[in-house]
Amino acid sequence: MALFLVAVLLLPGCARDTSYPNRPISLICPWSAGGGTDRVARQIASQLEREMGVPVNVINATGGGGVTGHTRGALARPDGYSMTMITAELNMLHWRGLTNITYRDYRPLMKVNQDNAALFVRKDAPWQNLEELAEAIRENPGNLQASGTAFGGVWHVSLAGWLLEAGLSADDVTWISINGSAPSLQELMAGGVDMVACSFPEAKSLYDAGEIRSLGVMAEDRLADYPEIPTFGEQGYDWSSQTWRGLAVPDQISDARYDQLLQAVKEVVESEEYHRFLENSGFGSSAESPEAFLQFLSEENQTYGKIFNSQAFEDVVSQRYGPMFFPYIILALMGLILLKLIVSADLKLAEEANAMQQADYGYMALMIGAVIIYLLFAEQLGFVISAMLILALLLWQLNVNWSTAVLVILVVVPLSYQLFAVYLRVPLPWGLFGW
């Protein structure tokens, strides 16, 4: 029965076709569900499933103002089963010292969308235009609150740029850091913030419902579908801002798999269905080839470098508390406690404590060795074989009867693989044999 169960569990892996793709593909989205980036990602994922013939799962890896998602995508295994919806923040984060990931850690596929920023307030807000809002900010600097994305993100920079253009300070409006436009707009409706800067498509449903108003769009020309909304330029402010979205994969991916992904993405982005989605949702179309997209990333990276290193934007990129503020506090407290124990002579081995036995050191070495074995060989051997070897070593060290150990190994490891890799679609190492 045990052997029969093992055979049933392993057959999905052993019988797996070696052609690419033969398992689900992950599309990492650095921003919250419901926002513009998430909506574009899910539309592309839906069409890619039909092109690639396998499920394409959107994973919202939020946090750190885009650091989490962009870092996870850049460091993913370059096997063609992971791609990322990169955004303008990719060229901002490293200039702010939040990560060392840049566009060079990716191999771009295509730029798929581009939208200008707009400024939104609730329908009952007292300001009817940008000049009235600027005057209210000037009278009570720091009193009004805004959001749209995380601190230092593209929409934060968009608002700060307008404030500077209006002769105000970049921090005269308090920015509330929220990961994405969708939760930011929820806060706007709930009264948690006074204004939201984001792209128009992200706020389109609330605007169409009459729940919010737009004081202006940060574009050269008015929106074709909403000609009633003036541009910032028309209201006397020479300022425009935009964001973009594109697909990219880890830079070490093989040419063969990259070309196959590129062809599938190209079919989707150039399809009538995708353009209809963009038009109906109000998103801007801006498809670019890999070469043009890479050139765009390089030029924008230099532009943001000048912006974030300028004196004018110093208030935008500086935060009161950095990402290591609380870890440093914890380390400092641990140091104080250790110093207290040393000074008070309380840091000593209790007389009744048992001395470490040789077997104890063996167990410690075995656990460390198991971790090292997995890190060194899991990618080559795959999860199943690596886990079997590690579990065999542990059971042997614990003096488990060999027949019982074999039964445990042949049931627990394949069952774990089937549960996590097949049913829950956790991206475990696949190895040479596809499992």
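The values are calculated or read from the model by the stated rules, or taken from the named source; none is laboratory data. The model shown is predicted, which means the values in this text are computed figures rather than measured ones. Here the Cβ positions follow ideal geometry from the backbone for every residue, glycine too, while neighbour counts run over all protein chains shown. What goes into the accessible areas is simple: the full protein's heavy atoms, side chains included, and nothing from ligands, DNA or RNA. Shrake-Rupley method; radii C 1.70, N 1.55, O 1.52, S 1.80 Å.
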Could you please find all residues in the range 132-146 being open to solvent by 20 Å² or more (accessible area, probe 1.4 Å), of a type in the set (G, A, S) and under 29 Å from G66 (Cα atoms)?
G142
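Could we say that Y363 is at pLDDT below 80 and of a type in the set (F, W, Y) here? Outline the logic, then answer.
Values: at pLDDT below 80: yes; of a type in the set (F, W, Y): yes.
In short, yes.
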Subset of the range 147-166 [under 22 Å from the mean Cα position of the chain (by Cα) and buried (at least 20 other Cβ atoms within 10 Å of the Cβ)]:
S147, G148, T149, A150, G152, G153, V154, W155, H156, V157, S158
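Here is a list: E291, E273, E267. Which entry is out of contact with any Lys or Arg (no Cβ under 9 Å at 6 or more places or on another chain), part of a helix (DSSP H, G or I), in contact (Cβ under 8 Å) with a residue 40 or more places away in the chain and open to solvent by 70 Å² or more (accessible area, probe 1.4 Å)?
Numbers: E291 fails: in contact (Cβ under 8 Å) with a residue 40 or more places away in the chain; E273 fails: open to solvent by 70 Å² or more (accessible area, probe 1.4 Å).
Just one listed residue meets the conditions, E267.
Here's a check for you: in the range 197-223, which residue that is in a helix (DSSP H, G or I) and among the charged types (D, E, K, R) is most open to solvent (accessible area, probe 1.4 Å)?
In the first step, residues of the range 197-223 are kept if they are in a helix (DSSP H, G or I); the result is 200-208.
Filter once more, keeping what is among the charged types (D, E, K, R): 202, 204, 208.
Numbers: E202: 25, K204: 45, D208: 83 Å².
Of everything passing the filter in the range 197-223, D208 is most open to solvent (accessible area, probe 1.4 Å).
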Checked the range 189-217 for anything touching a Gly at 6+ places or on another chain (Cβ under 8 Å) and either modelled with pLDDT of 95 or more or not charged (D, E, K, R) (or both); matches are V196, A197, C198, S199, F200, P201
Does S169 fit the bill of being in contact (Cβ under 8 Å) with a residue 24 or more places away in the chain, assigned to a loop (DSSP other than H, G, I, E, B), open to solvent by 10 Å² or more (accessible area, probe 1.4 Å) and touching a Leu at 6+ places or on another chain (Cβ under 9 Å)?
yes
Residue that is farthest from G80 (Cα to Cα) [pool: residues in the range 397-435 that are open to solvent by 90 Å² or more (accessible area, probe 1.4 Å), modelled with pLDDT under 70 and of a type in the set (A, V, I, L, M)]:
L424
Picked from the range 346-360 (must be open to solvent by less than 100 Å² (accessible area, probe 1.4 Å) and in a helix (DSSP H, G or I)), the residue modelled with the lowest pLDDT is A359
Do we find a residue being touching a strand residue (DSSP E or B) at 6+ places or on another chain (Cβ under 6 Å), open to solvent by 10 Å² or more (accessible area, probe 1.4 Å) and more than 22 Å from E89 (Cβ to Cβ) anywhere in the range 176-196?
yes
Any pair with Cβ under 7 angstrom, 6 or more apart, that starts in the range 369-385 at a residue that is outside any helix (DSSP H, G or I) and ends at one that is open to solvent by 60 Å² or more (accessible area, probe 1.4 Å) and among the aliphatic types (A, V, I, L, M):
G382/L432
Do we have any residue at all in the range 108-115 that's open to solvent by 50 Å² or more (accessible area, probe 1.4 Å) and in contact with a helix residue (DSSP H, G or I) (Cβ under 6 Å, 6 or more places away or on another chain)?
no
